[in-house]
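The values are calculated or read from the model by the stated rules, or taken from the named source; none is laboratory data. Keep in mind that this is a model prediction, so the values were computed, not measured. As a convention, Cβ positions derive from the backbone with ideal geometry for all residues, glycine included, and neighbour counts pool all protein chains shown.
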Amino acid sequence: MSKQAQVGAFALAAIALLFAFFYVITDFGTRHAGYRIGVHFRSAAGLHSGAQVFFSGVSVGTVESIKLLPDTTVDVILAIKPHVGGQAVRIPSESKFLIQAPLTGDPSLLIVPPRPEPGEQPEVIAPGVLPISEQPQGTNTATIADLVAEGQGQLKVLNGVLADVAKREPKLLDELQQTLENTNALTATASNAVARLAAQSNAIADNLQSNLTIASGHIVSMTSTLDKTVRGNSNRLNETLAQIQGTATALNSTMQIVASIANDPSFKGNVLATTTNIADASSKLKKMATDLESITGDPEMQHRLRDTIRNLDETSQRANSLLGALGGRTHPPRSGHGAAANRHALPKRLSLFSAKIRISGYSPEHVGGGSPLLGTSRGPNSSIALRLLPDSPTQVLFGANDLGSGATTVDLAAVRRVGHGLYFGGGILYSRLGVLGNYSRGTLGFSTKLYDVARPMLDLSTKLRVAPGVKLFFGERDILHAQRRNVYGVEFTDAP
């Protein structure tokens with residue numbers, strides 16, 4: 001081979017190697033034969049043809065071309081390899097397209113696919129360059145210039161705020177100092193008021209405790225006296241009990257004999273008279289046994305009396321049943337004796353709470369300037385109260401007054417039963433510290449409340465039960481002052 005031929009062959013080989021190097025470096029084959037898609041960006045941010053395209057961090061192609069559009073946006077055409085590492089490359093339509101522009105080095109385009117749900121097949125972008133309006137929208141990352149411009153704007157705003165603070169600083173410091181002085185004065189006043197309130201509360205509590213101690217002493221004394229009386233006459237009571245027991249047994253036996261011959265016509269008249277006498281005698285003896293059982297304190301004697309009462313009650317029931325069968329006069333059980341028998345037969349059921357609803361009205365106001373609890377004009381108003389454990393000696397009372405008005409107040413107090421129908425208590429009344437007392441016997445009842453340490457108010461009222469669970473009440477509120485008001489209304493309760 002001649003020297004000229006050798007030089008020509010070397011030149012052709014160099015050109016082929018140079019073309020291969022260019023083909024590999026610029027990814028020319030991918031750019032012209034790959035998976036081509038178009039992405040619309042607001043700015044190219046330094047991106048150029050041949051820049052790398054990464055999909056989930058893996059190089060999958062290059063930028064084929066960049067076209068500047070009339071609205072100053074750009075259309076970037078990507079050439080994506082059909083396969084990478086034996087895996088087909090498919091770009092999901094929900095992917096994000098980002099231009100990464102580092103401080104050093106060439107920019108690149110990042111494709112971030114969405115995170116698919118388990119078992120979900122995402123929709124992919126079809127091969128081919130779509131119209132601009134249908135292309136995926138790319139996102140430009142913030143540049144240093146953008147950050148500097150944004151920071152300068154924020155610095156200007158901060159400078160304005162600092163200047164305004166510096167201008168207002170003297171006035172703000174003066175107001176802050178005045179606020180601190182007012183707070184100190186208020187704290188001192190509140191401390192004095194709390195101290196006075198605590199002293200008055202202690203005085204009221206001591207007075208209430210003294211009254212409760214006296215009442216408890218009286219009850220203990222009465223119980224002791226009654227117990228001594230019963231014990232002093234225990235012999236006579238035992239004798240009387242033995243006589244009552246014997247008579248009750250004899251009457252029961254007689255009643256059984258009379259019942260066996262009741263169908264004999266010849267004895268009907270005598271049976272009617274005898275049965276009537278037995279019924280009357282059983283009722284009287286039962287009353288005597290009940291009275292004895294209510295005053296004795298001896299457990300053994302009470303047990304014997306209960307057996308006697310049951311025996312007499314059985315005798316009375318048989319006599320009345322026989323009188324009804326023979327056409328005679330029956331004797332209905334008296335409420336007092338029946339209640340006593342039922343008291344021994346069935347245990348008492350304890351209630352968890354009792355409710356009370358009150359609807360009241362007030363007389364017109366004649367003297368102004370009274371307590372805000374009464375107001376200048378009062379129409380009908382309602383209140384509700386709940387009493388926890390109403391059958392126990394110590395109870396808890398809570399409720400709300402003047403429901404639906406702008407001056408609703410609350411009650412929260414502890415109440416103690418110190419005698420039959422007599423209650424005392426203390427706590428929060430009408431949202432103020434106070435004490436209360438109640439007494440009820442039969443159809444009549446009385447109640448009083450003393451509350452409001454700053455301006456003491458005393459209420460008195462009388463209750464009259466007109467039906468089961470319904471009471472009428474009338475009285476006077478704030479009787480210690482000239483602004484007193486008459487009060488009246490109706491009360492509904494499920495308590496006895």
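Figures for the structure shown
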item	result
Filter result for the condition that a residue is among the β-branched types (Val, Ile, Thr) and either surrounded by 11 or more Cβ atoms within 10 Å (Cβ to Cβ) or in contact with a helix residue (DSSP H, G or I) (Cβ under 6 Å, 6 or more places away or on another chain) (or both), over Thr141, Thr104	Thr141
Scan of region 421-438 for residues that are in contact (Cβ under 8 Å) with a residue 60 or more places away in the chain and over 20 Å from Asp402 (Cα atoms), ordered by number	Leu422, Phe424, Gly426
Residues of region 441-454 classified as among the small types (Gly, Ala, Ser) and under 23 Å from Asn207 (Cβ atoms), total	2
Of all residues making up region 401-421, the number that are surrounded by fewer than 16 Cβ atoms within 10 Å (Cβ to Cβ) and in a strand (DSSP E or B)	4
Single unsatisfied condition, Val435 versus (1) surrounded by 15 or more Cβ atoms within 10 Å (Cβ to Cβ); (2) assigned to a loop (DSSP other than H, G, I, E, B)	(2)
Flag for Gly119 being small (Gly, Ala, Ser) and under 22 Å from Arg42 (Cα atoms)	no
Tally, over region 449-470, of residues that are outside any loop (DSSP other than H, G, I, E, B) and under 32 Å from the mean Cα position of the chain (by Cα)	4
Region 78-107, residues that are in a strand (DSSP E or B) and within 18 Å of His40 (Cβ to Cβ)	Leu78, Ala79, Ile80, Pro92, Lys96, Phe97, Leu98, Ile99, Gln100
The listed residue being polar (S, T, N, Q), assigned by TED's automatic domain parsing to the domain that holds Lys463 and either modelled with pLDDT of 75 or more or surrounded by fewer than 11 Cβ atoms within 10 Å (Cβ to Cβ) (or both), out of Asn381, Asn311	Asn381
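Each row is one residue, and each column tells you yes or no for (1) over 21 Å from Ser133 (Cβ atoms); (2) at pLDDT 90 or above.
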position	(1), (2)
Gly34	yes, no
Gly57	yes, no
Leu68	no, yes
Ala79	yes, yes
